[in-house]
Amino acid sequence: MPHDGPVIISMPLASIQVDSNLQSLPSTPDQDRRLRLSVDERGILMPMVVCGTSGKGYALIDGLRRYAIAKEKGIQRVVCVVRPIMSATQRAALRLELNMASRSVSL
């Protein structure tokens, strides 16, 4: 799916690849419990952010906790913001930018 900028689509969770080095922001057990409860009651409200890869599938950039909970709960499809193919360095920079933005929103 070639595109110039981000698009929002529903995709199979199985099409998302997670880098083994990817870590989520620290969270407390209570925050994890509240996120699971929210997913149970309302679904995943915030799209995950992924980018295309040179092969099949997508690389997860942001949303590791949402991804893990979706997988745990057997959710088959998720809504994602899809970015164009990025290098590992570009993905890391965007991840840092998104994490900084989420921290300032939650303060």
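Please treat every number below as a calculation from the coordinates, not as lab data. These numbers were taken from a predicted model, which means no experiment stands behind them. Here Cβ is always computed from backbone atoms with ideal geometry, including for glycine, and neighbour counts include all displayed protein chains.
Given a cut-off of under 8 Å on Cα pairs at least six residues apart, what relative contact order in percent is computed for the chain?
Relative contact order comes out at 39 percent.
Among Ser87, Ser20, Ser15, which comes first, second and so on when ranked by fewest other beta-carbon atoms within 10 Å?
Ser20, Ser87, Ser15
For each of Asp4, Asp32, count neighbouring Cβ atoms within 10 Å of the residue's Cβ, then give the residues from fewest to most. Don't skip to the end; give the middle numbers.
Values: Asp4 6, Asp32 14.
If I rank by nearby Cβ atoms, fewest first, I get Asp4, Asp32.
Does anyone have the angle between helix 29-42 and the longest principal axis of the chain? Alpha-carbon axes, 0 to 90°, nearest 10?
Taking Cα atoms only, the helix is inclined about 80 degrees.
Would you compute, from DSSP H runs of 4+ residues alone, the mean residue ellipticity of the chain at 222 nm, taking -39500 (n - 2.57) per run and dividing by the full residue count, rounded to the nearest 500?
Rounded to the nearest 500, it is -12500 deg cm²/dmol.
Please report the antiparallel percentage of DSSP beta bridges with both residues in the chain, rounded to the nearest 5.
Just about 60 percent of them are antiparallel.
Quick one: order Lys56, Lys73 by neighbouring beta-carbon count within 10 Å, fewest to most.
In order of increasing Cβ crowding within 10 Å: Lys56, Lys73.
What does the convex hull of the Cα atoms come to per residue for the stretch 27-77, in Å³? Don't skip to the answer; put the middle values down first.
Working: hull volume 4.2 nm³, N = 51.
Normalising the Cα hull of the stretch 27-77 by residue number yields 83 Å³.
Which one, (1) 251; (2) 126; (3) 112, gives volume of the Cα convex hull per residue in Å³ as derived from the coordinates shown?
(3)
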